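K.L.:
This structure is in structure tokens; I'll ask about it shortly.
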Amino acid sequence: MLRKLIAVSLFAISAFAMGGPSLVETTKLVKGEVNPLQEFIGTLNFDKKSMLAAQNSGVVKSINFEIGDKVKKGKTIVQIDADVLNAQIKAVRANLKVARDEQKNSSKDYLRYKKLLESKSITQKEYDDALLKLNSSSGNVKALEANLKELQIQSYKKSIKAPFTGVIVEKNINLGEWVSAGTPVAKIVDTTKAEFIFNIPLNVVNGLKIGDIYDVNVGDKSISSTLSAIIPNGDKLTRTFPVKLVADIKDVFVFDGQQAKVSLSKNGKKEALLLPRDSVIKRFGQNVVFSIDDKMLAQMIPVQIVGFDGTKTAVSGQGLVPGMDIVLKGNERVFPNSPVKIINK
């Protein structure tokens, strides 16, 4: 951490030498009252998971995965033997070719007989026989086409494919094993999206808003998550309601069922130091604010968020005192000990 701060400080000094101080707007740190935060324990679940099963009976011919493999949507992960079906498909295709040739010839004969009937060169029975032959050959073609489609669907179902891109977390079959329709073969989860379920008391639920962003702690990681649902299905014993938060976690390693923690506002006011929410930003994996000293240099102060009051954030941190200037706008361009110029004074 110290090396990072030194490197960033040196960068800020060189930036100042090249382009002058950063332009910022500041706000005053003030005392106020807020609803303090309360920590709740919940569970991480992967938003999308599926137990894959065989749709057709047969012998497992190939298994194209191992537990822990990441597979793409549409990849064949298990192939059930389809040799008999493929032979039937080949035979039906051959019969269909013959049937279509017969239909084509019957159609030509029918058109010829139709003209002959109009010129009264043939009997009605001869015309009717030609029409019957055409209808029969057309019906045969349709029946074979339907049979071919059915066999192709059955053959397709012999291939078990990944329904979405994800990671295989269970393997339930072995090579050469006989499986029946409905036999589980593998479990796949989408590890890029997670949902967090917390059981929250009503007095806290009433202060929540769909779409708000919260930091959910999973192990030593903090994951920015969106409140997506407050489920109106209360527990009669605990008087709590399930609350769901969702997050994209493409670059974070977590596991299904892992413990999660979130801090939410509860009833009961307490005195605290208040700032606009935009004053608090993330640096080096922690919440920080930038104060301005008498030399017009930015000083980074790590803070803990202890509550919220509308658009205000309640914070605590070493060195914070009421009345000090805190960077409100432009803090994304400020670094420890970098020179600044306040433009809203």
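K.L.:
Given a cut-off of 14 Å, what percent of all Cα-Cα pairs of the range 149-213 lie beyond it? Present the calculation step by step, with values, prior to reporting the outcome.
P.N.:
Values: 1578 of 2080 pairs.
Counting pairs separated by more than 14 Å, the tail of P(r) holds 76 percent.
K.L.:
In a shell of Cβ-Cβ distance under 12 Å around Asp109, excluding Asp109 itself, what net charge do Lys and Arg (+1) and Asp and Glu (-1) give? List each step's numbers first, then the result.
P.N.:
Numbers: positive: Lys104, Lys108, Arg112, Lys114, Lys115, Lys133; negative: Glu102, Glu126, Asp129.
Within the 12 Å Cβ shell, the charges total +3.
K.L.:
Suppose a student asked you for the relative contact order of the range 242-345, using Cα pairs under 8 Å spaced at least 6 residues apart; what percent would you report? The partial results should precede the final answer.
P.N.:
Values: 129 pairs, mean separation 27.0, N = 104.
Relative contact order of the range 242-345: 26 percent.
K.L.:
Something else now. What is the spin-label model distance, in nm, from Ser62 to Trp178 if the labels are put 7 Å beyond Cα along the C-beta direction?
P.N.:
2.4
K.L.:
Next question, about the same structure. Round to a whole angstrom and tell me the spacing of the C-alpha centers of the range 257-327 and the range 145-209.
P.N.:
The range 257-327 and the range 145-209 have Cα centres spaced 43 Å from each other.
K.L.:
Based on DSSP, what percent of beta bridges with both residues in the chain are antiparallel, to the nearest 5? Could the numbers behind the result be given before it?
P.N.:
Values: 84 of 87 bridges.
Just about 95 percent of them are antiparallel.
K.L.:
Taking amide H positions as placed 1.01 Å from N in the peptide plane, with prolines and chain starts having none, which residues 5 or more places from Leu23, or on another chain, fall under 5 Å of its amide H?
P.N.:
Lys341
K.L.:
Another one. What percentages, rounded to whole numbers, describe P(r) for the range 22-94 computed over all alpha carbon pairs with 5 Å bin width beginning at zero?
P.N.:
3, 8, 11, 11, 10, 8, 7, 6, 5, 5, 6, 5, 4, 4, 4, 3, 1, 0
K.L.:
Further question: From the C-alpha coordinates alone, can you work out the Kirkwood hydrodynamic radius of the range 83-156, in Å?
P.N.:
On the way: mean 1/r = 0.0731 Å⁻¹.
Every distinct Cα pair counted, the radius reaches 13.7 Å.
K.L.:
Using only the alpha-carbon atoms, what does the chain span along each of its principal axes? Please give whole angstrom values in decreasing order.
P.N.:
That gives 114, 52, 41 Å along the principal axes, largest extent first.
K.L.:
With r as the distance between the Cβ atoms of Ala87 and Lys125 and R0 = 45 Å, compute the FRET efficiency 1/(1 + (r/R0)^6) and round to 0.05. Please list the in-between numbers first.
P.N.:
Details: r = 42 Å, r/R0 = 0.94.
For R0 = 45 Å, the calculated efficiency reads 0.60.
K.L.:
Further question: Where does the charge balance sit around Thr192 when Lys and Arg score +1, Asp and Glu -1, over other residues with C-beta under 11 Å from its C-beta? Please list the in-between numbers first.
P.N.:
Numbers: positive: Lys48, Lys70, Lys193, Lys250; negative: Asp47, Asp190, Asp248, Asp251.
Charge balance near Thr192 sits at 0.
K.L.:
If you don't mind, there's one more thing I want to ask. So how much slack lies between Ile230 and Glu271, counting 0.36 nm per residue of separation and subtracting their Cα-Cα distance, in nm?
P.N.:
On the way: separation 41, 0.36 × 41 = 14.76 nm, distance 2.91 nm.
The Ile230-Glu271 span can extend by a further 11.9 nm.
K.L.:
Working out 0.36 nm times the residue gap between Ser107 and Ile210, then minus their Cα-Cα distance, what length gain in nm do you get to one decimal?
P.N.:
On the way: separation 103, 0.36 × 103 = 37.08 nm, distance 6.62 nm.
In short, 30.5 nm is gained.
K.L.:
Given the -39500 (n - 2.57) contribution per DSSP H run of 4+ residues, what per-residue ellipticity at 222 nm results for the chain, rounded to the nearest 500 deg cm²/dmol? Intermediate results must be reported in sequence, preceding the final value.
P.N.:
Working: 4 runs with 91 residues, N = 345.
Computed ellipticity for the chain at 222 nm equals -9000 deg cm²/dmol.
K.L.:
Still on this structure, I have one more. Provide the net charge surrounding Leu274, with neighbours chosen by a C-beta distance below 15 Å and charges set as Lys +1, Arg +1, Asp -1, Glu -1. Before the final figure, lay out the partial values.
P.N.:
Numbers: positive: Lys28, Lys31, Lys269, Lys270, Arg277, Lys312; negative: Glu33, Glu271, Asp278, Asp309, Asp325.
Here the charged neighbours net out to +1.
K.L.:
From the cross-link list Lys193/Lys312; Lys244/Lys282; Lys61/Lys161; Lys48/Lys158, which pairs have alpha carbons spaced over 22 Å apart? Working shown, then result.
P.N.:
Values: Lys193/Lys312 30 Å; Lys244/Lys282 24 Å; Lys61/Lys161 14 Å; Lys48/Lys158 24 Å.
Over 22 Å apart, Cα to Cα: Lys193/Lys312; Lys244/Lys282; Lys48/Lys158.
K.L.:
Let me ask another. Using every pair of alpha-carbon atoms in the range 283-339, split the distances into 5 Å bins beginning at 0 and state the percent of pairs per bin, rounded to integers.
P.N.:
4, 17, 29, 28, 15, 5, 1
K.L.:
Just to confirm the number: angle between the C-alpha axis of helix 83-118 and the first principal axis of the chain, 0 to 90 degrees, nearest 10?
P.N.:
60
K.L.:
Now, a different point. Tell me the angle of helix 124-156 to the major Cα principal axis of the chain, expressed in degrees between 0 and 90 and rounded to the nearest ten.
P.N.:
So the inclination is approximately 40 degrees.
Readers should treat all values here as calculations from the given coordinates under stated rules, not as data from a laboratory. A quick note: this is a predicted structure, and the numbers were derived from the prediction, not measured. For neighbour counting, all protein chains shown are included, and Cβ atoms are generated from backbone atoms with ideal geometry for every residue, glycine included.
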